[in-house]
Amino acid sequence: MIVTMSKDNDLVWIEDFARFHAQTQGAEAIVLVDNGSTLYEPGDIARVLERTGLDALVLSTSLPFGPRGRRPYGNTELFLQTCALNAVRLRFLQQARAVLCCDIDELVLGRTPNSVFDATWHSRFGLTRFGGEWRYARQPARGAVVRHDDHRFLVANKKPCPAKWCVRPSGPLGDLQWRPHILDEFVFNWAFRSKEFTYHHCRQITTGWKRDSVAPKAARLVPSKTAWQIATDTPRVAPGRQAPRRAERTSGTMQAVRRVCVGSSRRFFALRPALQAASLALAAFLGLAAEEAIDNDPVSQEFAYLMQGFYD
């Protein structure tokens, strides 16, 4: 499942974006939130997406997206996108196998045979994050509109793009709030960066609302493979050959234990960081008290042992 937001992006771009992920990552459905486009109607978007073979849900809102922020508040202006992501998460995506959040100008690529959805489903915590690279186009190869596949140039040593993510809503992190580049208030976002995936950020796939679409000087552009060329060069797991789901490989008892662990994890990670710290402190205290009840050592002695361990 893909979730994305769009306003007045060319319908050709939307179709190319959806078709690419259907054919290379095995995406089966898409939720597109249209932010008050004036060039076409939501029904036009739905008809374009139907041609890609994806089950499509097109939602519409005309609320303001938000101003552009500046550091250190550069990401706080995304209030509409953040609210839309979480409204969609709670209303439509709770039962999704895995959800990929990316924009129309971004094409996700894998470096292994597994798709980003399969990798996320089989990961223990159900989260995959990965960085991206800018790609540039000089001119359209066909027609008047620049396409994703025209982005066959890069700039060497350019700073990577912010990470994108794919999450399993039923997993241990399923109750966390979604933001465009992170799971909100999850202090371990950094630990889930994967080198198995990347994405091409296509510079000229833009309406110019947020950034200048002019490409760097030609002397700085280095030819590279397009996203489609890379995707077709990478072997893929054949349909129907994916490993069985986790629950199908375990006994009933282990499934019950896993459900308890996942449920506890969801509730813990959804807490505010201060409450998480307090919960850990309480668990540590209860553990010491339980251990004291078993071996009949004074609690003060248990704390002394603990502090001695830190000193050592």
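Filter the range 7-55 for residues that are small (Gly, Ala, Ser) and surrounded by fewer than 21 Cβ atoms within 10 Å (Cβ to Cβ) and give the result.
If the condition is that a residue be small (Gly, Ala, Ser) and surrounded by fewer than 21 Cβ atoms within 10 Å (Cβ to Cβ), then ALA22, GLY26, ALA29, GLY36, SER37, GLY43, ALA46, GLY53 are the ones that fit.
Kindly list the number of the only condition in (1) open to solvent by less than 70 Å² (accessible area, probe 1.4 Å); (2) aliphatic (A, V, I, L, M); (3) at pLDDT 70 or above that fails for VAL260.
Here VAL260 clears every test but (1).
Output the residues belonging to the range 190-207 that are touching a strand residue (DSSP E or B) at 6+ places or on another chain (Cβ under 6 Å) and part of a helix (DSSP H, G or I).
Hit for the range 190-207 is PHE192, nothing else.
For the range 148-160, enumerate the residues that are over 23 Å from the mean Cα position of the chain (by Cα) and in a loop (DSSP other than H, G, I, E, B).
ARG152, ALA156, ASN157
Tell me which residues, restricted to the range 129-147, are closer than 17 Å to GLN25 by Cα and open to solvent by less than 10 Å² (accessible area, probe 1.4 Å).
PHE130, GLY132
Please go through the range 187-232 and pick out each residue that is modelled with pLDDT under 90 and of a type in the set (Phe, Trp, Tyr).
Matches in the range 187-232: TRP209 only.
Would you check if there is a residue in the range 174-186 being surrounded by fewer than 20 Cβ atoms within 10 Å (Cβ to Cβ) and touching a His at 6+ places or on another chain (Cβ under 6 Å)?
There is no residue in the range 174-186 that is surrounded by fewer than 20 Cβ atoms within 10 Å (Cβ to Cβ) and touching a His at 6+ places or on another chain (Cβ under 6 Å).
Can you find even one residue in the range 56-66 that is closer than 24 Å to GLY208 by Cα and open to solvent by less than 10 Å² (accessible area, probe 1.4 Å)?
There is no residue in the range 56-66 that is closer than 24 Å to GLY208 by Cα and open to solvent by less than 10 Å² (accessible area, probe 1.4 Å).
Quick grid of which residues meet (1) among the β-branched types (Val, Ile, Thr); (2) out of contact with any Asp or Glu (no Cβ under 6 Å at 6 or more places or on another chain):
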site: ALA144; (1), (2): no, yes
site: ARG152; (1), (2): no, yes
site: LYS159; (1), (2): no, yes
site: VAL167; (1), (2): yes, yes
site: GLY174; (1), (2): no, yes
site: THR198; (1), (2): yes, yes
site: ILE205; (1), (2): yes, no
site: LEU221; (1), (2): no, yes
site: ALA227; (1), (2): no, yes
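Checking the condition among the charged types (D, E, K, R), farther than 26 Å from LEU57 by Cα and touching a residue at least 24 places away in the same chain (Cβ under 8 Å), which residue from ARG179, ARG142, ARG168, ARG138 passes?
Step by step, each of ARG179, ARG142, ARG168, ARG138 is checked, and only ARG138 is among the charged types (D, E, K, R), farther than 26 Å from LEU57 by Cα and touching a residue at least 24 places away in the same chain (Cβ under 8 Å).
Can you tell me which of (1) more than 25 Å from VAL33 (Cβ to Cβ); (2) open to solvent by 40 Å² or more (accessible area, probe 1.4 Å); (3) out of contact with any His (no Cβ under 8 Å at 6 or more places or on another chain) is the one ASP118 doesn't meet?
Among (1) more than 25 Å from VAL33 (Cβ to Cβ); (2) open to solvent by 40 Å² or more (accessible area, probe 1.4 Å); (3) out of contact with any His (no Cβ under 8 Å at 6 or more places or on another chain), ASP118 violates only (2).
The values are calculated or read from the model by the stated rules, or taken from the named source; none is laboratory data. Keep in mind that what you see is a predicted model, and the values were worked out from it rather than measured. When we count neighbours, we look across all protein chains shown, and the Cβ atoms used for this are built from the backbone with ideal geometry, even at glycine. The accessibility values were calculated without ligands, DNA or RNA, using every heavy atom of the protein model including side chains. Shrake-Rupley method; radii C 1.70, N 1.55, O 1.52, S 1.80 Å.
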